[in-house]
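Notes for the one structure printed next.
The values are calculated or read from the model by the stated rules, or taken from the named source; none is laboratory data. In this text the structure is predicted, and so the values were computed from the model without any measurement. A quick note on method: Cβ atoms are made from the backbone with ideal geometry, for glycine too, and the neighbour counts reach across all protein chains shown.
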Amino acid sequence: MHDSAARPDRLVDTHAHVQESAFDEDREEVLGRALDALAWLALIGDDEASSERAVALTGPRIHAATGCHPYHAEAVDADAIARLRALASRPGAVAVGEIGLDYSRHATAPRDAQIRAFTTQLALAAELDKPVVIHNRDAHADMSAILDEHHAALPGGIMHCFAGDPAFVERCVGWGLHISFAGNVTFPKAAELREAARVTPLDRLLVETDSPYLAPQAVRGRRCEPAYVAHTARFLAELLEVPFEEFARRTTRNAHRVFGIPD
């Protein structure tokens with residue numbers, strides 16, 4: 001039986017994709033392990049279908065974000081926004097995301113389409129007074145220009161799976177964002193990410209898995225799952241020289257605040 005209490009000394013996985021096909025064979029077991037280990041978790045959509053699946057899985061300790069990832073930017077038209085608005089208004093939906101920009105070699109949508117989709121969904125979040133979950137990969141200049149313009153209208157948000165340097169941490173804090181670190185901060189070659197974590201204010205810091213991706217170094221090579229967030233949290237607590245119990249309490253409090261979820 002799962003412990004039903006969202007204890008403040010337990011961690012939160014602020015970004016997982018357990019609704020995706022990688023978990024079709026054992027989703028119930030994965031969520032069971034998550035709820036045994038964590039205070040709660042957030043399932044993040046990356047297109048309309050995955051957002052709907054995320055919302056369908058919500059409950060007292062499972063929350064959802066709804067949105068279209070930059071890979072799917074060309075699908076974000078007026079009709080899609082209307083459907084996303086309806087999804088984001090359903091019980092259990094606490095944020096708009098995963099939205100943003102991706103200019104890496106893996107990108108599947110033109111930059112102009114990504115910018116349109118991103119700014120349109122930022123406007124949707126402002127309209128609904130919901131925080132945003134932002135994806136930013138190799139797009140710092142355009143991301144900065146857009147958030148300089150739009151951040152004041154937002155109730156907050158998360159720069160998910162942070163992939164910048166200490167200077168970009170400062171920009172994110174200035175935009176009112178929280179900064180979330182995933183398992184890649186534990187990788188041996190991630191020195192810049194660790195420097196970014198060191199300068200992140202503890203009251204803005206979050207942890208995530210980005211399941212099924214980016215399993216922390218201790219379990220690298222496996223399919224990532226929400227319970228693995230403890231590996232990243234313990235690594236960061238040691239890096240920051242913060243007792244683990246305090247790190248868990250602080251990051252859980254941050255997660256409640258940014259998503260607007262009562263303690």
(message) Given the criteria small (Gly, Ala, Ser), in contact (Cβ under 8 Å) with a residue 60 or more places away in the chain and either in contact with a Cys (Cβ under 9 Å, 6 or more places away or on another chain) or surrounded by fewer than 21 Cβ atoms within 10 Å (Cβ to Cβ) (or both), does Ala167 qualify?
(response) no
(message) What's the number of the only condition in (1) crowded, with 23+ Cβ neighbours inside 10 Å; (2) farther than 17 Å from Arg137 by Cα that His160 fails to meet?
(response) (2)
(request) Read through the list (1) crowded, with 17+ Cβ neighbours inside 10 Å; (2) in contact with a strand residue (DSSP E or B) (Cβ under 8 Å, 6 or more places away or on another chain); (3) more than 20 Å from Ser51 (Cα to Cα); (4) not basic (Lys, Arg), then give the number of the only condition that Asp138 fails. (result) (1)
(request) Among the candidates Leu43, Leu35, Leu11, Leu87, single out the residue that is hydrophobic (A, V, I, L, M, F, W, C) and more than 22 Å from Arg223 (Cβ to Cβ). (result) Leu87
(message) I'm trying to understand the selection: among the residues of the range 174-201, which are of a type in the set (A, V, I, L, M, F, W, C) and exposed (fewer than 14 other Cβ atoms within 10 Å of the Cβ)?
(response) Ala191, Val199
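Taking the range 96-114 as the search range and keeping residues that are aliphatic (A, V, I, L, M) and in a strand (DSSP E or B), which one is farthest from the chain's Cα centre (by Cα)? Break it down into steps so the answer makes sense when it comes.
At the first step, the residues of the range 96-114 found to be aliphatic (A, V, I, L, M) are 96, 99, 101, 107, 109, 113.
From what's left, in a strand (DSSP E or B): 96, 99, 101.
Details: Val96: 10, Ile99: 10, Leu101: 14 Å.
Among those residues, the one meeting the criterion is Leu101.
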(message) Tell me yes or no: at least one residue of the range 74-83 is closer than 21 Å to Glu208 by Cα, at pLDDT 95 or above and of a type outside the set (Val, Ile, Thr).
(response) no
(request) For residues that are touching a residue at least 40 places away in the same chain (Cβ under 8 Å) and farther than 19 Å from His17 by Cβ, scanning just the range 77-100, find the one that is surrounded by the fewest Cβ atoms within 10 Å (Cβ to Cβ). (result) Arg85
(request) State which residue is surrounded by the most Cβ atoms within 10 Å (Cβ to Cβ) when the search covers only the range 205-247 and only residues that are farther than 28 Å from Ser50 by Cβ and aliphatic (A, V, I, L, M). (result) Ala237
(message) So for the range 166-183 (the condition being of a type in the set (D, E, K, R) and either touching a strand residue (DSSP E or B) at 6+ places or on another chain (Cβ under 7 Å) or under 20 Å from Val199 (Cα atoms) (or both)), does at least one residue qualify?
(response) yes
(message) Show me the helices (runs of 4 or more DSSP H) found entirely inside the range 168-263 where at least 2 residues are touching a His at 6+ places or on another chain (Cβ under 9 Å).
(response) 244-259
